[in-house]
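Please read the structure below before turning to the comments.
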Amino acid sequence: MDSNITKVTTHLSHNESLIFERSQPGRAGFSLPPLDVDETAVDEMIPSQFQREDDLAGMPEVTEVDVVRHFTRMCTWNYSIDLGLYPLGSCTMKYNSRLNEKVARIAGFANLHPLASEQEAQGALEVIYELQEHLAEITGLPGISLQPAAGAHGEMTGIMIIRAFIDARDGKEASARRRTMLIPDSAHGTNPASAHLSGFTVKTIRSTAEGLTDLAHLRELCAHGDVAGLMLTNPNTLGLFERNIQEICRIVHEAGGLVYMDGANMNALVGIARPGDMGVDVIHLNLHKTFSTPHGGGGPGSGPCCCTKELEPFLPVPRIVRTESGPGSPRGQLAWGGGRDRVQGNGGDTATFKLDFDYPQSIGRVKAFLGNYGMMLRALAYILTHGYDGLREATEAAVLNSRYIAHGLISDYEKPFDSPPMHEVVFTDKRQARKGVHTLDIAKRLIDYGFHPMTIYFPLIVSGAMLIEPTESVGRQELDQFIEAMRSIAREAIEDPDLVLNAPHTTRIGRLDEAAAARKPVLRWKPPSQAASAS
């Protein structure tokens, strides 16, 4: 391994048995003092049907130190955003600010029951309302619902709103003939699924050699009179800004369709450009991507859906509305500049927040209660901590970091598009493939250098794709370490390809038989005697 790589050092790595395999008869993790009160029969405290009769047979017998060391060692195996750079492209793995976590644990918020009445939940409703106001200003789209529980859920909500709007605008008979959703060939995989679940068929738009939407093909597809809308990601999944976005929206609108924008890549736009100003009708946001709420681990997620004033009546219910009475001058929350004034009352106002169900054209409720509230708290804390200037700076840093990596790797990896990338950059394995080394091998070898692999083989339209997104959370020192690791792997692919082909070398196990692991997973421990008989 290259001596210039400062990321990796030799460290103690324990082989860890299962907790069942650490068991020794007679061991215990507790010691109780002699009983100094009258003994009470167990049957008097616990009904017999809830009592075990096997004396915990088969459970591990371990000491306290066994348990502590076992779980402490295992927790060090996980790579996390707190440990280092997550270069996953199209995922925006930002650092989760600890202040956000502190705010989300304020007792009045964290312990509020979801069935609390409006009167008892005024503070929580105000938080949701205020976050809605900020997200509406950031996107330039005034209608918003925070109900959706994930990005794909917000995406589907947006497409359902488009369906409901077209049904209302055209009437059922005419709208039945408008059931085509246009999706670029570089789109996220959830886009076609959301369109299909909402009753649409999908037609694919080609990308140009520059990696942008093919306007000629878009016009051709829009000429048939059956287009309900376009699902577009901007910047697209190649990391490129769709510079013809206003023309794209005009073409779709003239064809009678609406434009949905996948907001997964908003980390490249916040404070710089607003989708509503581009002509976009609907967008979903990923609070875990753009606004630093936790990402991964199965959730909880949050995928707000924003739309134009025209589509607002179709948003999910209930909607949170604010009524004011009494004196008090309004105060601006953030100096957004150029946008409409969005204000909150000060201490002199008597504002009340209510749940309004009176939207007869609404698509209905899409989530139990009001959404994943803890994520909303974290996102609002992030926005208020940064303010307008801070959010814009984060966007600029994310784009700068991506372009820094692009510049650092262009000498060793093939970059399929000449345009400067936005928040993420795509490379390919074209040069390394000449020696039989492919994207998967490069990703596996990167583990040996102490980095989580980048996104591989996506977007699908780029052969051997490696999609890298550093976000603004990474400083120059770690960017340099990542660049040098990738360049070192490129040299190894030429000089010693077997080293890369057999990676990783520093992990507890080597490459898995992924087909066998998927088809015959081992999901529970069995005593050796049972395992032998089962086989």
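The values are calculated or read from the model by the stated rules, or taken from the named source; none is laboratory data. On a predicted model such as this, the values are computed, not experimentally measured, just so you know. Counting neighbours? That spans all protein chains shown, and the Cβs are built from the backbone with ideal geometry, glycine included. We work out accessible area using only protein heavy atoms, side chains counted, and drop any ligands, DNA or RNA first. Shrake-Rupley method; radii C 1.70, N 1.55, O 1.52, S 1.80 Å.
Before moving on, here are some points about what is shown:
- Listed values [x] 1.14; [y] 1.36; [z] 1.00 include one computed from this model; for Cα Rg over 2.2 N^0.38 Å that value carries the label [x].
- Estimated 222 nm signal from helices in the chain, with DSSP H stretches of n ≥ 4 weighted -39500 (n - 2.57), rounded to 500: -10500 deg cm²/dmol
- Gln147 sits among other residues whose Cβ lies under 11 Å from its own Cβ, and their net charge, with Lys and Arg +1 and Asp and Glu -1, is +3.
- Solvent exposure ordering (accessible area, 1.4 Å, most first) of His452, His438: His438, His452
- Neighbourhood charge, 10 Å Cβ-Cβ cut-off, centred on Asp170 and excluding it, Lys, Arg +1 and Asp, Glu -1: +2
- Solvent-accessible area of Asp498 with every protein chain in place, 1.4 Å probe, in Å² to the nearest 10: 100 Å²
- In the chain, Cα pairs under 8 Å separated by at least six residues give a relative contact order of 18 percent.
- Rounded accessible area per residue of the chain, 1.4 Å, Å²: 50 Å²
- Cβ-based net charge around Gly390, under 14 Å, with every Lys or Arg adding one and every Asp or Glu removing one: -2
- Solvent-accessible area of the stretch 405-477 (1.4 angstrom probe, protein heavy atoms only): carbon and sulfur portion equals 53 percent.
- Ligands, DNA and RNA aside, Tyr457 has an accessible area near 100 Å² when probed at 1.4 Å.
- Computed from the Cβ-Cβ distance with R0 of 45 Å, the FRET efficiency linking Thr63 to Arg491 stands at 0.40.
- Anisotropy class of the stretch 63-161 from Cα gyration tensor, a/c 1.5 cut: oblate
- Rounded if a/c under 1.5, otherwise prolate or oblate - the stretch 414-506, Cα gyration tensor axes: oblate
- Share of carbon and sulfur in the accessible heavy-atom surface of the stretch 170-295 [1.4 Å probe, %]: 52 percent
- Overall, the chain carries a charge dipole of about 1140 debye about its Cα centre when +1 sits on the Cβ of Lys and Arg and -1 on the Cβ of Asp and Glu, all other atoms neutral.
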